[in-house]
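*Asks:* Handing you this structure, nothing more for now.
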Amino acid sequence: MTSISTDPRPLRTADLGTLVIMCWSRATPDGDVPFLLACSLGDGEGGPEAAPAAVEGLLSRAGIAVGGDTVLDATVLPDLPIGLLVVPGAAALTMPGVNAQFVPTPQWRAAVDRQGYACLIFATRPWSGGEPGDGAAVAAFANHEDTLSSAAQLVLPVRSLRS
């Protein structure tokens, strides 16, 4: 008899290493759209080779699938255990096992305030080099086919201390 486990993958936080969050906004005809890129630096115990499985385990524990062209609209899923809190001068991505705080750029903050959401790309692929703050390096990594095909992509509603 064959059975399929629906249990989430085990989470090895030691393999996750350093998790970084990078933000930017992109101009569209409907206004600037805010984006977030979350990824491991690949500096965990198992090195960059172990990071994808660690990130996938983290995401599966939150009920988030990776890969494919699907974008999960968390604005209509209030019970999804992932959130984006934005306060003056700071923001935090929270989910089981993660409370990643970052300082948003003024452009990103303005886009988030205007749109009320941010598009998250949570990459299973570890950061591939360059300075995480370099806009061209972030864009190249976030738009790379290998990154997108193995990432979780979500539209996250923005929460504030007032909401």
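Nothing in this text is a laboratory measurement; each read-out follows from the coordinates by a stated rule. Owing to the predicted nature of the structure, the values given are computational and were not obtained by experimental measurement. Note that we place each Cβ from the backbone using ideal geometry, even for glycine, and neighbour counts take in every protein chain shown.
*Asks:* Quick one: dipole size for the range 38-108, taken about the Cα centre, charges +1 on Lys/Arg Cβ and -1 on Asp/Glu Cβ, in debye to the nearest 20.
*Replies:* Roughly 220 debye, rounded to the nearest 20.
*Asks:* While we're on this one: Between V103 and E49, what is the label-to-label distance in nm when each label sits 7 Å out along the Cα-to-Cβ direction?
*Replies:* 3.7
*Asks:* Based solely on its DSSP helices, what 222 nm [θ] is calculated for the chain when runs of n ≥ 4 H residues each add -39,500 (n - 2.57) and the sum is averaged over all residues, nearest 500 deg cm²/dmol?
*Replies:* About -6500 deg cm²/dmol.
*Asks:* Give, in nm to one decimal, the length gained when the segment between T13 and T70 is fully stretched (0.36 nm per residue of separation minus the Cα-Cα distance).
*Replies:* Additional length available on full extension: 17.9 nm.
*Asks:* While we're looking at this one, here's another question. Among A90, Q101, G44, whose Cα sits farthest toward the positive end of the charge dipole of the range 23-163 (+1 at Cβ of Lys/Arg, -1 at Cβ of Asp/Glu, about the Cα centre)?
*Replies:* Ranked along the dipole, the leading option is A90.
*Asks:* What distance in nm separates the simple spin-label points at L41 and T94, each placed 7 Å from Cα in the Cβ direction?
*Replies:* Label-label distance for L41 and T94, simple model: 2.5 nm.
*Asks:* Output the antiparallel fraction of DSSP beta bridges having both residues in the chain, as a percent to the nearest 5.
*Replies:* 75
*Asks:* If contacts are Cα pairs under 8 angstrom and at least 6 residues apart, what is the relative contact order of the range 109-153 in percent?
*Replies:* On the way: 33 pairs, mean separation 22.2, N = 45.
The value is 49 percent.
*Asks:* Could you grab the relative contact order for the range 7-163? Cα pairs under 8 Å, six or more apart, rounded to a whole percent. Before the final figure, lay out each step's value.
*Replies:* Details: 323 pairs, mean separation 47.0, N = 157.
With pairs under 8 Å counted, the relative contact order is 30 percent.
*Asks:* Please give the Cα centre distance for the range 85-145 versus the range 34-63, rounded to the nearest Å.
*Replies:* For the range 85-145 versus the range 34-63, the Cα centre distance is 14 Å.
*Asks:* So what are the three principal axis dimensions of the range 13-159 from its Cα atoms, in whole Å, longest to shortest?
*Replies:* So the three principal-axis extents are 41, 35, 29 Å.
*Asks:* Would you mind classifying the range 87-163 by shape? Square roots of the alpha carbon gyration tensor eigenvalues, ordered a ≥ b ≥ c; an a/c under 1.5 is rounded, otherwise it is prolate if a/b is larger than b/c and oblate if not.
*Replies:* Here the range 87-163 falls in the prolate category.
*Asks:* Suppose every K and R has +1 on its Cβ and every D and E has -1 on its Cβ; what is the size of the dipole of the range 13-159 about the Cα centre, in Debye to the nearest 20?
*Replies:* That gives the range 13-159 a dipole magnitude of about 440 debye.
*Asks:* While we're looking at this one, here's another question. Please identify which residues in the range 55-72 have an amide N closer than 18 Å to a label point set 7 Å out from the Cα of S149, following the Cα→Cβ vector.
*Replies:* The answer is 56, 66-71.
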